[in-house]
Amino acid sequence: MNISILGFGTVGRGVYEMIQAAPGMEARKVLVLPQECTESFMVTSIDEITSDAGTDTVVECMGGIHPAYEFASASLKAGKSFVTSNKALVANFGIELQALAEEKGVSFLFSAACGGGIPVLHNISVASQTDSILKCGGILNGTTNFILTKMQGEGKSYQDALFEAQKLGYAEKDPSADVSGLDTLRKVMLLSSVSFSVLPAEGLCREGIENFTSSVADYLSDEGRTLRLMGECGKGEKGIYAYVEPVAVKKTDVEASISSNINYAWYLGENSGLIGLSGQGAGRYPTASAVLRDLSAIMEGKKSMLGKDCVRGVADNSGKECRHTYLLCCDGRFEKTPELSVSDMHEMVRSMREKGSRVFFAQYR
Ligand code: HSE
């Protein structure tokens, strides 16, 4: 297998290095920006890769939606298999890229786009061939888990913890995607597309950790709880549901033991029951290892991981599977709500904020 790589940042470098040691794989060219072009294997135009007859597979680790989408399309149209770690790309254009890959008879895989080194998409794509996946989710963002661990375990400030996560290469280029829950939401969209053949593009609910403060941390600690940011999607009474929100878990819950950049992804199969996977969810080599896993799966003949005939859909978070009690802190006052649906809770908080209140909330388990 002859592989060219788009991007030479945290993940791209890791992929390049790992390919050197992988049997049956050769690194061909690496696409970089003109000011980064310092080695003979580096190129600055995508055409040099799409027109390279020696390249059979392209790995994209640039991030962002444009020009990643244009480069992905060009690679697939040129008959190259395509592997990406880019959640934003797949959440927005996974269906179009899958259609192109099918037309050209090549592979399109993206297991590095959710869970870092954890093979959650890979496993679900295999499990869903013979079992019905009912729901899935977990702690899917290493940066926020790192921040929450540092704030709650070591008393670090939000800003210091975020800065450290950036230095360690966990955070996105624009870390607001991490802390706002957008990165987790994109991963939930991918989980849904692989598990249920529905890529939910509307109706999604999202809350991040930007409003988490040390006074909330102290309150939770007194209640024997700790905060985690989690996403979930599933087949509900009203169709597919999909959302991201902070969850106050008991200190004895499995999620409370997931610290630092570790992710914990789970799925519930009708026959398998609950399967949980944990491991490093961000960082150079964990993410690169997931890319290499996809490359090796292509060598064994795997063509796709998106669910069969996947379509875009609208999530509905108002059903009975989405009802929870919440901890609500409005302008410094704490209260627990009665059971509310995710969509009602997120709508209520949106309207409180519109009126000028400072609000933190978390699902209270
Ligand atoms: N910024 C992401 C995270 C990288 O922190 O999880 C891995 O997807």
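The values are calculated or read from the model by the stated rules, or taken from the named source; none is laboratory data. Bear in mind that the values here come from a model prediction, so they are computed numbers and not experimental data. A quick note on method: Cβ atoms are made from the backbone with ideal geometry, for glycine too, and the neighbour counts reach across all protein chains shown. Remember, those area values only see protein heavy atoms, side chains included, never the ligands or the DNA or RNA. Shrake-Rupley method; radii C 1.70, N 1.55, O 1.52, S 1.80 Å.
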Could you tell me which of the residues Ser257, Ser272, Ser195, Ser278 is farther than 26 Å from Gly94 by Cβ and of a type in the set (S, T, N, Q)? Ser257
Take the residues in segment 29-43 that are under 28 Å from the mean Cα position of the chain (by Cα) and of a type outside the set (A, V, I, L, M, F, W, C); name whichever of them is surrounded by the fewest Cβ atoms within 10 Å (Cβ to Cβ). Glu36
What pairs come out if I take residues in segment 148-172 that are at positive phi and pair them with residues that are part of a helix (DSSP H, G or I) and open to solvent by less than 80 Å² (accessible area, probe 1.4 Å) whose C-beta lies under 7 Å away, six or more apart or interchain? Gly169/Thr10; Gly169/Arg284
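Residue-wise test of (1) in contact with a Pro (Cβ under 9 Å, 6 or more places away or on another chain); (2) outside any loop (DSSP other than H, G, I, E, B).
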{"residue": "Gly14", "(1), (2)": "yes, yes"}
{"residue": "Met18", "(1), (2)": "no, yes"}
{"residue": "Gly24", "(1), (2)": "no, no"}
{"residue": "Ser40", "(1), (2)": "no, no"}
{"residue": "Val58", "(1), (2)": "no, yes"}
{"residue": "Glu70", "(1), (2)": "no, yes"}
{"residue": "Gly79", "(1), (2)": "no, no"}
{"residue": "Val90", "(1), (2)": "no, yes"}
How do the pairs read when you match residues in segment 180-200 that are on the phi < 0 side of the Ramachandran plot and open to solvent by 10 Å² or more (accessible area, probe 1.4 Å) with residues anywhere that are of a type in the set (Ser, Thr, Tyr) and outside any helix (DSSP H, G or I), using Cβ under 9 Å and keeping only pairs 6 or more apart or on different chains? Leu185/Tyr243; Ser195/Ser128; Ser195/Tyr267; Phe196/Ser128
Count, please, the residues in segment 249-274 that happen to be more than 15 Å from Thr149 (Cβ to Cβ) and buried (at least 16 other Cβ atoms within 10 Å of the Cβ). 5
Those residues of segment 99-113 which are buried (at least 22 other Cβ atoms within 10 Å of the Cβ) and over 9 Å from Lys80 (Cα atoms), in sequence order: Phe108, Leu109, Phe110, Ser111, Ala112, Ala113
Go through segment 298-338 and give me each residue that's farther than 19 Å from Leu89 by Cβ, open to solvent by less than 60 Å² (accessible area, probe 1.4 Å) and of a type in the set (A, V, I, L, M, F, W, C). Ala315, Cys322, Leu327, Leu328, Cys329, Cys330
For the subset of segment 152-170 comprising residues that are within 11 Å of the ligand (Cβ to nearest atom) and open to solvent by 50 Å² or more (accessible area, probe 1.4 Å), which member is nearest to Gly14 (Cα to Cα)? Leu168
Suppose the filter is more than 16 Å from the ligand (Cβ to nearest atom), at pLDDT below 95 and either out of contact with any Pro (no Cβ under 9 Å at 6 or more places or on another chain) or farther than 18 Å from Met151 by Cβ (or both); does Thr213 pass it? yes
